[in-house]
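Below: one structure, written as structure tokens.
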Amino acid sequence: MFKYSLDNKRYHTLNYFLKTKFKSKVFKVPLDAHLSCPNKINGNGCIFCSNGSRANITDQNLDIKEQFKKNVDILEHKWPHSLYIAYFQAGTNTYGDINTLKQLFTSVLDIPKVVGISIATRPDCLNDEMIDFLSKLNKKTFLTIELGLQSSNDETLKFINRGHDTKCFIDAVKKLKAKNIFVVAHIINGLPYETEIDMLNTVKLLNNLNIDGIKIHMLYISKNTKLAEIYHKEKFPILIKEQYIDIVIKQLELLNPKIVIERITGDPIKEELITPDWLLKKFCVLNDIDKEMVKRDTYQGKKINKTN
């Protein structure tokens with residue numbers, strides 16, 4: 001069995017990491033602090049953005065502690081002894097008044113059974129004052145900063161209107177790692193006109209930056225997005241399931257086994273999805289990745305010393 005898994009997976013699972021660290025079942029509780037995104041305000045946002053990552057928020061109209069309680073009440077019925085990480089998921093959570101953000105993040109520290117905070121943000125929204133505060137927060141709890149990269153190809157970043165370049169991401173990671181903060185990178189496979197080499201180069205970059213975790217997404221096209229307009233006009237290729245699985249496995253083979261795989265597929269909202277339909281069967285995708293890794297007799301990090 002692969003060293004960093006409790007589930008017969010051949011990659012470093014989040015379940016393994018959290019259970020090993022906290023000696024308990026741990027859930028990330030998604031929260032919406034009603035924060036905006038500078039890229040939306042100044043540049044119309046990323047072309048794939050439709051709902052600001054709010055798909056998993058139980059009720060974003062409640063305040064933070066009410067959102068947390070509503071989510072946890074559901075979990076407590078099945079896992080009464082579990083622990084929790086407050087996950088500021090929606091929007092850009094380091095964009096705004098610094099004092100307001102400080103109060104927001106520290107407000108969840110006194111909630112019973114909260115053992116950590118995870119903050120999703122952008123690499124261009126981490127100034128020195130925020131980094132300094134995050135460093136102090138990191139001493140009080142287990143802090144994770146989730147940073148969207150999506151691709152290491154700057155031409156792709158321009159095409160998707162990401163609003164920053166790869167160097168901006170690299171600089172942000174280096175600043176966070178200098179403060180011993182746990183960093184999780186987000187990438188997207190299947191971005192328009194990207195090649196397999198582009199996608200593999202993205203994980204090679206992340207490997208060299210010594211990130212702590214990664215979330216791998218599959219590009220999907222949602223209604224009422226700029227990406228949908230481009231797709232209807234240009235009909236650029238979309239990865240089929242078999243292509244996606246093949247690329248993910250090759251990416252895993254190139255990743256340091258100590259990097260936690262926090263996500264390995266997309267998670268679209270059915271009513272908003274245009275394509276690809278196969279993403280709606282999430283567990284089938286996960287199972288097919290597992291089966292193919294067994295068939296190839298491969299695992300995370302297998303080829304890390306056999307490539308540049």
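Brief remarks on what is shown
- Of all residues in the stretch 100-126, those satisfying the criterion of being surrounded by fewer than 17 Cβ atoms within 10 Å (Cβ to Cβ) and either at pLDDT below 95 or of a type in the set (Lys, Arg) (or both) are Thr100, Lys102, Gln103, Thr106, Ser107, Leu109, Asp110, Ile111, Pro112, Lys113.
- Near pairs, Cβ below 6 angstrom, 6+ apart or cross-chain, from the stretch 1-28 (closer than 10 Å to Val260 by Cβ and in a loop (DSSP other than H, G, I, E, B)) to any residue that is of a type in the set (A, V, I, L, M) and at pLDDT 95 or above: Tyr11/Leu252; Tyr11/Ile261; His12/Val260; His12/Ile261
- Taking the numbered list (1) part of a loop (DSSP other than H, G, I, E, B); (2) touching a strand residue (DSSP E or B) at 6+ places or on another chain (Cβ under 9 Å); (3) at pLDDT below 95 in turn, His81 passes all entries but (2).
- Val203 modelled with pLDDT of 95 or more and within 20 Å of Ile289 (Cβ to Cβ): yes
- Residues satisfying the stated conditions in the stretch 280-308, i.e. without any contact (Cβ under 8 Å) to a residue 12 or more places away in the chain and of a type in the set (Ser, Thr, Tyr): none
- Meets criteria (of a type in the set (Val, Ile, Thr) and out of contact with any helix residue (DSSP H, G or I) (no Cβ under 8 Å at 6 or more places or on another chain)) for Thr92: no
The values are calculated or read from the model by the stated rules, or taken from the named source; none is laboratory data. Quick caveat, the model's predicted, so the values are computed rather than measured. Cβ sites come from the backbone with ideal geometry, for glycine too, and all protein chains shown count toward neighbours.
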